[in-house]
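Novice: If you scroll down you'll find the structure; I have some questions about it.
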Amino acid sequence: MASTEHTEAIAGGSLEKPFEHKTIRKLQFRLIPYLFLLYVVAMIDRVNISFAQLTMNRDLGLGSQQYGIAAGIFFIGYFLFEVPSNLILHKVGARIWIARILLSWGLVASLTGLVESIHQLYAARVLLGFAEAGYYPGIVLYLTYWFRQREQARVLSLFLTGFAVNSIVGAPVSGFILTHVHWLGLGSWRWLFILEGLPAIALGFLTYLVLPDRPSEAGFLTAEEKRWLQKELAQEEEGKSGRRSAMAGMTSFRVWHLAAIYFTMMIGSYTLSFYAPKLVESLSSEYSYSLVGSLVMIPYLAAFAGMIFVGHSSDRRMERRYHAAICLLVGGIGFLSLTALHSP
């Protein structure tokens, strides 16, 4: 009886706002921290080659051009498998597919520490791209199963702070491994790959056990919360102007327009990710690898605060275009200003 009255009150709107906020907060608390952790691990395994190069290039005989190829060739596999991976995720479910992604990229990331030649390194990076390709786009899709459009910018910004935290946490850890880990006669850069790939393998098994596919499977939601959330998401889906095929998306001007913007943004972002350790090391011959790791994280502390603020502001104002444009403009000014600076 009480449950029926509660449901009717929700339907009538008298308790809808508190109930809505409570449900959304519960979703954020139960899903975002875990997905965030997985993204941090993914980004560490993707860009830790930037620290490995400080000793790896000498051992494998890599020049700067060959290192650039090794860093960037990762995205060949990533590019080819992003869309197919999302289609598979939608078909088989997030729990199984994201667990598979974690296990395969963790295994490839760790085995990269055993390469003996430049060409083996190239192959390992391409395979890492294939293995990890589906994670970020898969999570963006997965979040649409749980959150309405009005919450997605804030939720996505919280998730994407993992890109910044990757360097806040990963840079000092990578610097520490390079400085102190020389076990079994293996170079420290090898242990960097091996050790930083292991968390993805462990989290792959955990993901299979704990990650629900859809709200209907969420044990942390009450029956009323599940019904309300499914109803809200269904109404939002019905309000969209027709369903479109994957091919229609691939031929959409708006998709390619956004892809072009993202492409230019990633040029700056990954230049910083792949070359910041080498740049900082070049500032002084007295910098240890541990200090390099600590200094590299500084820009990402600012990024962490900025991402949360901008995502919150964008959702509060329901405005996307200027928030994105202003951030890109400020970032571009920051990169251009580096050409005029010469001291640490």
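Novice: Roughly what would the spin-label model give for PHE29 and HIS90, points 7 Å off Cα along C-beta, in nm?
Specialist: 3.3
Novice: Helix 223-238 versus the longest principal axis of the chain: what angle, 0 to 90°, nearest 10, using Cα atoms?
Specialist: Taking the Cα atoms of the chain, the angle to 223-238 is about 80 degrees.
Novice: Any idea what the dipole of the chain comes to, in debye rounded to 20, about its Cα centre with Lys/Arg Cβ at +1 and Asp/Glu Cβ at -1?
Specialist: Charge dipole of the chain: 500 debye, to the nearest 20.
Novice: Could you tell me which GluC sites (Glu not before Pro) in the range 255-333 are loop residues by DSSP with no more than 14 other beta carbons within 10 angstrom of their beta carbon?
Specialist: Passing both the DSSP loop test and the Cβ count: GLU286, GLU319.
Novice: In the chain, once you exclude exposed trypsin sites (Lys or Arg not before Pro) (DSSP loop, at most 14 other Cβ within 10 angstrom), what's the longest stretch remaining?
Specialist: 1-239
Novice: With every protein chain left in place, what is the accessible area per residue of the chain in square angstrom, probe 1.4 Å?
Specialist: 53
Novice: R0 = 35 Å: FRET efficiency of GLN149 with TRP183, Cβ-based, nearest 0.05?
Specialist: Efficiency, from the Cβ-Cβ distance: 0.10.
Novice: Once the range 63-182 is represented by equal point scatterers at the alpha-carbon sites, with solvent omitted, what log10 I(q)/I(0) does the Debye formula produce at q = 0.16, 0.21 Å⁻¹?
Specialist: Summing over Cα pairs of the range 63-182 leads to -0.93, -1.29.
Novice: If you don't mind, there's one more thing I want to ask. Enumerate the whole-percent occupancy of each 10 Å bin, from 0 to the last occupied one, for all C-alpha pair distances of the chain.
Specialist: Going out from 0 Å in 10 Å bins, the chain shows 5, 22, 31, 24, 12, 5, 1, 0 percent.
Novice: Work out the FRET efficiency for ARG321 and GLN120 from their Cβ-Cβ distance, taking R0 = 45 Å, and round it to the nearest 0.05.
Specialist: For ARG321 and GLN120, the calculated efficiency is 0.50.
Novice: Tally Lys/Arg at +1 and Asp/Glu at -1 over every other residue whose Cβ is under 15 Å from the Cβ of TYR135; what's the total?
Specialist: Around TYR135, the surrounding residues sum to 0.
Novice: So for the pair SER245, SER216, with labels modelled 7 Å out along Cα→Cβ, what separation do we get in nm?
Specialist: Taking the two extended label points, one gets 2.7 nm.
Novice: What is the distance in Å between the Cα centroid of the range 156-230 and that of the range 83-120?
Specialist: Going from one Cα centre to the other spans 13 Å.
Novice: Compute the length gained on full extension between LEU279 and LYS22: take 0.36 nm times their separation in residues and subtract their Cα-Cα distance, giving the result in nm to one decimal.
Specialist: Extra length available between LEU279 and LYS22 comes to 87.9 nm.
Novice: To the nearest 10 degrees, how steep is helix 74-92 against the longest Cα principal axis of the chain, on a 0 to 90 scale?
Specialist: Tilt of helix 74-92: around 20 degrees.
Novice: Between 0 and 90 degrees, rounded to the nearest ten: what's the tilt of helix 94-111 against the longest Cα principal axis of the chain?
Specialist: Between helix and principal axis, roughly 10 degrees.
Novice: Using a simple spin-label model with points 7 Å from Cα along the Cα→Cβ vector, what separation in nm is obtained for TYR262 and SER294?
Specialist: 3.7
Novice: The range 79-169: which GluC sites (Glu not before Pro) are DSSP loop and have at most 15 other beta-carbon atoms within 10 angstrom?
Specialist: GLU116
The values are calculated or read from the model by the stated rules, or taken from the named source; none is laboratory data. Computed from a prediction, not measured in an experiment: that's the story for all the values here. Heads up, the Cβs are rebuilt from the backbone with ideal geometry, glycines too, and the neighbour counts pull from every protein chain shown. Only protein heavy atoms, including side chains, enter the accessible area calculation; ligands, DNA and RNA are left aside. Shrake-Rupley method; radii C 1.70, N 1.55, O 1.52, S 1.80 Å.
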